[in-house]
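Notes follow the structure.
Only the coordinates and a few stated rules stand behind these numbers; no lab work does. Note that the structure is predicted; figures quoted are calculated from it, not measured. Don't worry about glycine lacking a Cβ; one is built from the backbone with ideal geometry, like all the others, and counts go over all protein chains shown.
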Amino acid sequence: MRIDPLAYLGEQLNEFRANGTYQRLRELQGPCEPVSKYDGKEVINLASNNYLGLANHPKLKEAAIAAIGKFGAGTGAVRTISGTLDMHMELERRIAAFKHVEACVVFQSGFTANAGTVSAVLGKEDHIISDELNHASIIDGCRLSRAKIHVFPHADVAVAEEKLAALVGVPGRKLLITDGVFSMDGDIGPLPALCALAEKYGAIMMVDDAHSSGVLGRNGRGTVDHFGLHGRVDIQVGTLSKAVGVLGGYVCGTKDFIEYLYHRARPFLFSTSHPPAVTAACLAAFDLLESEPERIEALWANTRYFKEELAKLGFDTGRSETPITPIFVGEAAAAHAFSKALFEEGLFATGIGFPTVPQGKARIRTIVTATHTREQLDRALEILARVARRMELL
Ligand SMILES: *Cc1c(COP(=O)(O)O)cnc(C)c1O
């Protein structure tokens, strides 16, 4: 009999079980809402990126259903062969206008947008200066490019400058890259200072606004708008999968840069385009971003309230300045046990530990949305305090 050559993976899983980091996928049994049903249980949902409550919005659903009626379920090809719908081009023009840039390209996801863009614009003779907490999709894009990667400590502008200064006179292009909002800590990247460095050292400036799209800046235009840096960030990446409520990633910049990506970004060239329902729902979401900015105000009002109350209770929430609020507990096993106990009491907040975050920095991550009521947030705070005291985390 043949021995399973993948048997070593089962041993790895046993190790996860032994150290308390084994995770089963929770099953969502209905729409993503402030209170959602997971694994047969109604829980307050602080585990989604559905910042503005658009994932189950009637206008997005109507648009998706109408698009299926008119265009069908799928597109039949990649964008560059025959799978570009007029609607795909409309969404790209719409986002470009929204972001005040010349052009935009939409990818299948934020992940493919980052990975496909970095690897398309740089080669092995080039240099990337990257924040140590940048998202996995940026890291993969950097690796795929085969450029030399120079990592600076999180948000440390002085070390970023040392790295750039050390490359003066060294051949190759330089790319300075940061997340706009950091997904695990909820802090905002030091964009104004990094832009100044990129200008001083002639580097390409790139920001990944996955958690800032729909959250920061006027009508959710992102960190460039938040800081008033229009025209100073060469590559802006955003996502359609979080606040926008659907699926996809986009890249904004000059017309030539975007056309180059049409020719060379591998996920764009080699993976099928978004189905009509996705694109139509995204267009409907941009209508709402522009017509109902009060959603973003509600998100920030909930964010301020929740953070203040967490602080009053004595929780350590680190350096967060956005709707992403981590609650630190120490080791990964403690974070997973805390998350599990909260779920049993009716609150869903994800436990996150090593290797997603450094050893000793394990946490549960909470994300409030615009559509949580004050009563739901109060109930969440009561559960958090009660379970944390019981587990001697407070
Ligand atoms: C979520 C996320 C992505 C990936 O976006 P998807 O559209 O979900 O693929 C990229 N970058 C950051 C910083 C993210 O948080």
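Data overview
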read-out: Region 1-44 versus region 306-368: alpha-carbon centroid distance in Å; value: 19 Å
read-out: Label-point separation, ARG143 to GLU15 (7 Å along Cα→Cβ), nm; value: 1.7 nm
read-out: In sequence order, calculated HN-Hα J values of region 274-280 (Karplus, 6.51, -1.76, 1.60; Hz; x Gly/Pro); value: 4, x, x, 4, 5, 5, 5
read-out: Candidate aspartates and glutamates - alpha carbon under 17 Å from LYS340, same-chain residues fewer than 8 apart omitted; value: GLU27, ASP39, GLU42, GLU331, GLU382, GLU392
read-out: For PHE152, residues with placed amide H under 5 Å, excluding near neighbours; value: SER130, ASP131, GLU132
read-out: Qualifying GluC sites (Glu not before Pro) for region 122-169 [loop in DSSP, other Cβ within 10 Å: at most 13]; value: GLU125, GLU132
read-out: Quotient of C-alpha Rg and 2.2 N^0.38 Å, computed over region 121-233; value: 1.01
read-out: Inter-label distance, nm, simple model (7 Å from Cα along the C-beta direction), ASP256/LYS61; value: 4.7 nm
read-out: Residues whose placed amide H lies under 5 Å from that of VAL78, excluding near-sequence neighbours; value: GLY83, SER273
read-out: Antiparallel bridge percentage (DSSP; both residues within region 58-291; nearest 5); value: 40 percent
read-out: Stretch gain in nm, segment LEU313-ALA77, where the contour uses 0.36 nm per residue and the Cα spacing is subtracted; value: 79.6 nm
read-out: Among the listed pairs LYS41/LYS61; LYS148/LYS242; LYS307/LYS361, those beyond 22 Å (Cα-Cα); value: LYS41/LYS61; LYS148/LYS242
read-out: In region 23-116, the trypsin sites (Lys or Arg not before Pro) that fall in loop regions by DSSP, at most 16 other Cβ within 10 Å; value: ARG24, ARG26
read-out: For the chain, projected area of the alpha-carbon convex hull averaged over all directions, nm²; value: 21.9 nm²
read-out: Estimated Rh, region 58-291: Kirkwood, alpha-carbon pairs, angstrom; value: 17.8 Å
read-out: Region 293-394: Rg to Rh, with Rh as the Kirkwood radius over Cα pairs; value: 0.96
read-out: Estimated vicinal HN-Hα couplings, Hz - region 251-256 in sequence order (Karplus 6.51, -1.76, 1.60; Gly, Pro = x); value: 10, 10, x, 6, 4, 5
read-out: Calculated [θ] (222 nm, deg cm²/dmol) that DSSP helices of n ≥ 4 give over the chain, each run adding -39,500 (n - 2.57); value: -13500 deg cm²/dmol
